[in-house]
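A.B. asks: Structure below; questions to follow.
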Amino acid sequence: MTASIPQLPLRDELFLLGHNDDTGQPHIHRQALALGMAGAVLIDLFLAGRIVLDDTDDARSGGNQRLRLRHDPPVGDLIADTAIASVRYANPAPMLRGWLSSFADDLYERTRAGLHAGGILRHTSRRRLGGLARREVYLATDSKWAVVARARLRYLAAGREPPDNHTAALAGLVAVLGLTTHLYLDDTKAVTGQLRAVAEQHHRPIREITAAVDAAVGDLATAAYR
C-alpha cells in the first residue's frame, strides 16, 4: 500500500498529522507541535547515526542528557543540517531539553515553508466574518501523505504490521502530543496505550527524546496557566 510513496522526514509527517486535512488548522498548540517536531528531527538524526545522547552525565532522566555528534557530514536536508550545526558548534554540548525548546522556536514556520517549497503544501486564503477578514491557510496538495501515515499507525496499533524504526518513533510522538484522537479510531485511550507500548520497545535514546518532548510540552502547558 505504501511502497510507491516516498517516506517523508519524521517532522514532516508529524506536521501533517498535527493539522486538519480540510481546514489546515492545527489540532494542538503550534509550539507544542513544534516541540514534537524538534524531537522528530533529533530522532531522524539518531537513526541516521549522526547524534548520540551522552550517558556519562550524572543525570540521565528528565531530558538532562547532553547531545553529541557521532558523525557530522550533512544529510542534505536543510533543517536536519541546521540541527547538526547547532550541536557541532555548541560549547558546552547542549542539554536535550534545552535544545528542544531552542530549536523548536521557529521550527513550525521552517517546516511549513519547506513543505510548501516541496509542493506538499499549497498556500491559500479564506474569507471569514462575512468576508471582512481573510485567513491565510496552508493545505496539503494531496491527502495521501497524511492518509498513509495514519494508516501505518493504525496498522501498528492493531498489530497488523511490525513496527519499523520510523513508524515506532512516530507512534511515540503522536501519543505524547495527544494526536491519537485524529487517527479516527474508536477507542482513543486504548490506541494511545498501544502506541506508547510500541514506542517503549524502541531504542532507548529515542524513548528518552520522546520523554523529553512530553516533559517540555507539559512545561509549556504549565507556563500558560501561570
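A.B. asks: In the stretch 1-18, which residue that is over 10 Å from the mean Cα position of the chain (by Cα) and touching a residue at least 12 places away in the same chain (Cβ under 8 Å) is surrounded by the fewest Cβ atoms within 10 Å (Cβ to Cβ)?
C.D. replies: Per the criteria, the residue is M1.
A.B. asks: Quick check on my filter: what residues within the stretch 168-200 are hydroxyl-bearing (S, T, Y) and outside any loop (DSSP other than H, G, I, E, B)?
C.D. replies: T180, T181, T188, T192
A.B. asks: Using beta carbons and a limit of 8 Å, which pairs, at least six apart or on different chains, have the first residue in the stretch 153-178 and among the acidic types (D, E) and the second one part of a helix (DSSP H, G or I)?
C.D. replies: Qualifying pairs under 8 Å: E161/R152; E161/Y155; E161/T167.
A.B. asks: Given the conditions (1) touching a strand residue (DSSP E or B) at 6+ places or on another chain (Cβ under 7 Å); (2) in contact (Cβ under 8 Å) with a residue 24 or more places away in the chain, which single one is not true for T141?
C.D. replies: Every condition holds for T141 apart from (2).
A.B. asks: Answer with yes or no whether R150 is modelled with pLDDT under 95, within 17 Å of H27 (Cα to Cα) and surrounded by 14 or more Cβ atoms within 10 Å (Cβ to Cβ).
C.D. replies: Yes.
A.B. asks: Would you mention how many residues in the stretch 13-44 are in a helix (DSSP H, G or I) and either among the charged types (D, E, K, R) or closer than 15 Å to A221 by Cβ (or both)?
C.D. replies: 9
The values are calculated or read from the model by the stated rules, or taken from the named source; none is laboratory data. From a predicted model like this one, the values you see are computed outputs, not experimental measurements. Positions of Cβ are backbone-derived with ideal geometry, glycine not excepted, and every protein chain shown enters the neighbour counts.
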